[in-house]
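The structure appears right after this line, and notes come after that.
Just so you know, all these numbers are worked out from the coordinates, no wet-lab data involved. Quick caveat, the model's predicted, so the values are computed rather than measured. No Cβ is skipped: glycine too gets one built from the backbone with ideal geometry, and neighbour counts run over all protein chains shown.
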Amino acid sequence: MAAPHIEVRGVTMAYGRNVVQRDLGFTVGRGDIFVIMGGSGCGKSTLLKHMIGLNRPAAGHILIDGIDLHSATPQELLTLQRSWGITYQRGGLFSDLTLAENVAVPLEQYTDLDDAEIRDIAAYKLALVGLAGFEAYYPSNISGGMQKRAALARAIALDPTLLFFDEPSAGLDPLSSLRLDQLIREISESLGATVVIVTHELASIFSIATNSVFLDAATKTQLDVGPPRQLARSSRHAVVREFLARGELSAGAPVSERSHPS
Amino acid sequence: MTLLTGCWRGEATLPSVTELRTQFEAARSEQWRFSAGDSFEWDSRLLTRLLPIARYCETEQIELDLSALPPAVARLLGLALAVAPAASAAPPRRTLVDRYRAFWRNLFSGTHASVAFVGECTLAFGRFLRGGANTRGIDILWFIQQCGPQALPIVALISVLVGMILAYLGSVQLRQFGAEVYVADLVTIGMVREMAALMTAVIMAGRTGAAYAAQLGAMQANEEIDAITTLGISPIEYLVLPRMLALILVMPLLYLFSVALGLGGGALVAAGLDVNLLQFINSAREAVDLTDIGTGLFKSLAFAVVIAAAGCHAGLLSGRSSSAVGQATTRAVVHAIVYLVVVDAGLNILYNELGI
Ligand SMILES: Nc1ncnc2c1ncn2[C@@H]1O[C@H](COP(=O)(O)OP(=O)(O)OP(=O)(O)O)[C@@H](O)[C@H]1O
Ligand SMILES: [Mg+2]
């Protein structure tokens, strides 16, 4: 097997003395669509912030492309960050720039393309997330779901090879959410990008994820790692199976596949 | 048919959409077909060319054939075309005439809104006095803590320095007549009737007025004010009143504090002019009476209302973006300082007419 894209080794995350999760350990392979699951407040966003280097683990190491994020030189970090695309749970759009300008920011920062080319790329990326025609709008003048999608357009502006999405489909209608899933899978396939995604949407977990980790709020550690279908069927933990069972049901799987007799 | 060869990615120079279109139009083909040639590489740059062409083909009902390209290209294009461009999505652009009109409209509606705002605050204050307002006492205490004790160091520093400046300024003139003793009178009258109230007000406009505007502006951006309004709670009672009352309660105290320290600063300078402390205190006591202190206290009350109103009003009217919050803060401080000086001038004229 090729070297993993991301390695999380014995990581403990804490805010001050308040430990959020401890002893996390898993790897994300190149080209994987890796889902971080778990109940609300269990530390998914926190884990994502650790993986992009915004927060420092209280213990353990996080390696991306074999480089430890917290002992990397600024130069190494910059090279890594150039190939990342990130969306935040609250959007994180620059509120005083139009959508097209928002998408243009990473392009202006990291490429030598001229303005017309950058405008074309921004228009294409916005069309990809279903926002064609909204180039000149400001974030405050569009809906919450549209802001989410615009943030995603900005994240994929540079055709990154590593993407981090925090609940990209929260607040979207089922159709937009389906198209978003298709888009994520397409990006991952066509560009061979690795995607790390926090989501609660069981339908999208089953349709796009190739691997996943389940964080538990009660025990404050990861309960299981593996492809979601496999976890749904044969996780050692009832919590994980239950979490995923409702998805299997709503996705129309036969009732007999459920782990507990009814 | 167009054969795509080489590099269609990264920062390569690509033929423009128009060039590609003329190629097809020159060939008069019914079907526009792209195929991948030697060492063909692509990324989003390719799609920026294909997207306008695909849209054009849709409207002109030309068949576009991408089957000879990597399948992901067609799938990505499909996603980009899945939602038709928003037709009426004309950007809210403004012409010069619009701006000119908006300027005057804003000027009038702005003045109107300010007056209405002060009116609303007064009504809310009336309800508060009758005990029927949604104003929490704990909030008032919190804001008193914020704008009172925490402002003491900076008020102290400025007051001492202003007292010293007044003393120096006076001593240069007074020395010519050998009347250095009157330096105490000068500092006392200057601080009590004017400088203490004005300087604390300027400090508080920059410190507290700006903070009020930023707090309320951020709450506006975060939809907190919407939440408060839809809970049936008046933002004026819940947010503005505690801030304003806190400032109204604190400003007179800061004024007295500032007077005391200003006199201290003056006494320091006076000591250098051989006016000893006892002499200084005696002439200071004779220089002003309670009426003078009353005029200063009244000024500080008026200034408190002006600062809190300017800050809160700017915050409530703030837009929802981060730069709008910045503009609201700027507006709060600028308005507060302009109104401070205007109100100060007005009060001085009034005092003069009344002979106090
Ligand atoms: N900035 C912070 N300071 C202190 N504690 C925090 C901070 N952010 C989050 N926490 C705590 O860390 C825990 C995990 O928060 P996190 O935002 O990672 O949850 P989450 O799994 O993303 O939840 P959700 O699905 O609701 O977004 C929470 O219990 C929260 O109280
Ligand atoms: Mg979260």
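Over chain A, what is the percentage of antiparallel beta bridges among all DSSP beta bridges, to the nearest 5?
Values: 19 of 38 bridges.
Antiparallel bridges: around 50 percent, rounded to the nearest 5.
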Enter the mean number of other protein chain beta carbons within 10 Å of the beta carbon of each residue in A:186-194, as an integer.
3
I need A:Leu77, B:Leu263, B:Leu69 ordered by Cβ neighbour count within 10 Å, fewest first.
A:Leu77, B:Leu69, B:Leu263
What whole number of Å gives the distance from the Cα centroid of the range A:109-126 to the Cα centroid of the range B:220-235?
39
At 7 Å along the Cα-to-beta-carbon direction for both B:Glu58 and A:Phe94, put a label point, then send me their distance in nm to one decimal.
2.9
What distance in nm separates the two pseudo spin-label positions at A:Val19 and B:Ile356, each 7 Å out from Cα along the beta-carbon direction?
6.8
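Could you please report the charge total around A:Ser45, scoring K, R as +1 and D, E as -1 over all other residues with beta-carbon less than 15 angstrom from its beta-carbon?
Values: positive: A:Lys44, A:Lys49, A:Arg90, A:Lys148; negative: A:Asp166, A:Glu167.
Around A:Ser45, the surrounding residues sum to +2.
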Would chain A count as rounded, prolate or oblate if I go by the C-alpha gyration tensor, calling it rounded below 1.5 in a/c and otherwise prolate when a/b exceeds b/c, oblate otherwise?
oblate
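Rounded to the nearest 0.05, what FRET efficiency is calculated for B:Val338 and B:Arg99 with R0 set to 25 Å and r the Cβ-Cβ distance? Could the numbers behind the result be given before it?
Values: r = 23 Å, r/R0 = 0.91.
According to the calculation, E is roughly 0.65.
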First check a/c for the range A:88-136, with a ≥ b ≥ c the square roots of the eigenvalues of its C-alpha gyration tensor; if it is under 1.5, answer rounded, and if not, answer prolate when a/b is larger than b/c or oblate otherwise.
oblate
Only Lys, Arg (+1) and Asp, Glu (-1) charged, at Cβ; the range B:216-320 dipole about Cα centre in debye
60
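Sorted from fewest to most neighbouring beta carbons within 10 Å, what does the list B:Trp142, B:Trp32 look like?
On the way: B:Trp142 13, B:Trp32 23.
Ascending number of Cβ neighbours within 10 Å: B:Trp142, B:Trp32.
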Please give every one of the aspartates and glutamates within straight-line cross-link reach of B:Lys299, meaning a C-alpha to C-alpha distance under 15 Å, and leave out same-chain neighbours fewer than 8 residues apart.
B:Glu194, B:Asp344
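Less than 9 Å Cβ to Cβ from B:Asp43, Lys/Arg counted +1 and Asp/Glu -1: what total charge do the surrounding residues give? Don't jump to the answer; show the numbers that get you there.
Values: positive: B:Arg9, B:Arg45; negative: A:Asp159, B:Glu41.
Computed value for this residue: 0.
For A:Ala116 and B:Thr2, FRET efficiency with R0 = 30 Å and r from the beta-carbon atoms, rounded to 0.05? It would help to have the intermediate numbers written out before the result.
Numbers: r = 21 Å, r/R0 = 0.71.
That gives a FRET efficiency of 0.90.
Could you work out, residue by residue across B:46-56, how many beta carbons of other chains sit within 10 Å of that residue's beta carbon, and then give the average as an integer?
Mean inter-chain Cβ contacts per residue within 10 Å come to 3.
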Could you pull out every one of the lysines with an alpha carbon less than 28 Å from that of A:Lys148, ignoring same-chain neighbours closer than 8 positions?
A:Lys44, A:Lys49, A:Lys125
Just for the protein assembly as shown, what percent of DSSP beta bridges are antiparallel, to the closest 5?
40
Check: C-alpha center the range B:1-80 vs C-alpha center the range B:290-356, spacing in Å is 64
Would you be so kind as to identify which of B:Ala167, B:Ile281, B:Cys57 lies farthest towards the positive end of the dipole of chain B, taking Lys and Arg as +1 and Asp and Glu as -1 on Cβ and the Cα centre as origin?
B:Cys57
Roughly how many whole Å is it from the C-alpha centroid of the range B:237-270 to that of the range B:135-195?
10
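When you count, for each residue, the other Cβ atoms within 10 Å and take the mean per peptide, how do A:225-232, B:285-292 rank with the highest first? All intermediate terms of the calculation are to be shown ahead of the outcome.
Details: A:225-232: 19.4, B:285-292: 12.9.
Ranked from most to least packed, the peptides come out as A:225-232, B:285-292.
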Taking every DSSP bridge whose two residues both lie in chain B, the antiparallel percent to the nearest 5 is 0
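Which shape class, rounded, prolate or oblate, goes with the protein assembly as shown when its Cα gyration tensor gives a ≥ b ≥ c as root eigenvalues, a/c under 1.5 marks rounded, and past that a/b bigger than b/c marks prolate? If you can, show how the numbers build up before the last one.
Numbers: a/c = 2.60, a/b = 2.03, b/c = 1.28.
Verdict is prolate for the protein assembly as shown.
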Between A:Arg9 and B:Glu286, how many nm apart are label points set 7 Å from Cα along the C-beta direction?
8.5
